[in-house]
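The values are calculated or read from the model by the stated rules, or taken from the named source; none is laboratory data. Quantities reported herein were computed from a predicted structural model and do not represent experimental measurements. Ideal geometry is used to build each Cβ from the backbone, glycine not excepted, and the neighbour counts take in all protein chains shown.
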Amino acid sequence: MSEKKFAVVILNWNGQSLLERFLPSVVAHSPEAHIYVIDNASTDNSREWLAAAYPGVGCIALGHNGGYAGGYNAGLQNLKEPYWVLLNSDVAVSEGWLKPLARRLEADAQLAALQPKLRALRQPTYFEYAGAAGGYLDALGYPFCRGRLFHELEPDHGQYDDFQHCFWASGACLVVRAEAFRQVGGLYEALFAHMEEIDLCWRLQQRGYRVACEPASVVYHLGGATLQESSPQKTYLNFRNSLIISFLNFSPGRHLRVVGQRLILDGLAGFLFLARRQPRHVSAILRAHFHFYSRLPQLLKERRRRRAQVSQEQLKGLAPFRVVAQFYLRRRRRFAQLPRI
């Protein structure tokens, strides 16, 4: 058996151009890892190009597109490496990026999920939206990051260069301990795409594991390669999945209060989209809520299944405040300006 402990696993769907652009840096800077591409039933020339250009990279071909969650769950099943890096196909890695991550995982057996610092490829001195320097969750289930509140990105001046435990690690570059991933049942496939890493990290913490960001490792994320930030489909998935994971994971009683308050705040978000003349995003929010309420019987079953399996550990990185109020009412635009978590 190989001594390499890392598997760097890239999920691809019709992304030949992204593989051509970003895979070279992954191959060049990841000598500690086996590299795999999970192909989510692409219809372009991705698999043929990969076989010709990088025959040493493993290709795991799937028969249908299961999204981020289903694609990774299926593709990771037979991998033997103890540490997996779920890497977006539009991420450029830097030299030595795996070494600090390996040191953290080797030093702490309870550290189950980890991310590097994410910078924006288009603006390399700024943090990147999808994870910045570690993810957090507010009292109503809204995600935010060290270095990013809503769409406000901070320049990286080294202000978040300390290793930090957090609530969730970014799915753009998610380092996960294989044993822990299997123990919690992998990614929740009903989410399809967006926020499934938050749900995974939530369940990992409920099992007593820890999640962290290691800023000594830096990668650069293009972002929006599959769905643009302005896409109504992305709005739909984000609002829908945020409701779902809040309902599934918050403690009894609190989950109902959160959903009730989210109904009001998501309605206000709809009015903002309407004021900006973006009616398709209003429709996306409505569809998200209707989908959520229509699936309540199935979600109740899933919630009962989860509650029977988890312990009630104190969750790190779950903020007691409402980030919407901090951002819009108190005008706090930087993570460091928020109350202490």
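Of note:
- Residue in the stretch 89-99 that is within 22 Å of the chain's Cα centre (by Cα), under 20 Å from Leu187 (Cα atoms) and at pLDDT 95 or above present: yes
- Any hit, the stretch 263-275, residues being assigned to a loop (DSSP other than H, G, I, E, B) and either modelled with pLDDT under 95 or surrounded by fewer than 18 Cβ atoms within 10 Å (Cβ to Cβ) (or both): no
- Residue list for the stretch 279-305, filter: touching a residue at least 12 places away in the same chain (Cβ under 8 Å) and small (Gly, Ala, Ser): Ser283, Ala284, Ala288
- Filter result (touching a residue at least 12 places away in the same chain (Cβ under 8 Å) and either in a helix (DSSP H, G or I) or not assigned by TED's automatic domain parsing to the domain that holds Val93 (or both)) within the stretch 36-51: Ser46, Arg47, Trp49, Leu50
- Of the residues making up the stretch 7-35, just one is assigned to a loop (DSSP other than H, G, I, E, B), closer than 25 Å to Ala102 by Cα and without any contact (Cβ under 8 Å) to a residue 60 or more places away in the chain, namely Pro31.
- Whenever a residue of the stretch 161-189 is without any contact (Cβ under 8 Å) to a residue 60 or more places away in the chain and within 17 Å of Asn249 (Cα to Cα), it has no partner that is surrounded by 15 or more Cβ atoms within 10 Å (Cβ to Cβ) and hydroxyl-bearing (Ser, Thr, Tyr) lying with C-beta atoms less than 7 angstrom away and at least six residues away or across chains.
- Among the candidates Glu95, Glu3, Glu20, residue that is of a type outside the set (Ser, Thr, Tyr) and either in contact with a Lys or Arg (Cβ under 7 Å, 6 or more places away or on another chain) or under 25 Å from Asp161 (Cα atoms) (or both): Glu95
- Per-region count, the stretch 122-137, residues part of a strand (DSSP E or B), over 12 Å from the mean Cα position of the chain (by Cα) and not hydroxyl-bearing (Ser, Thr, Tyr): 2
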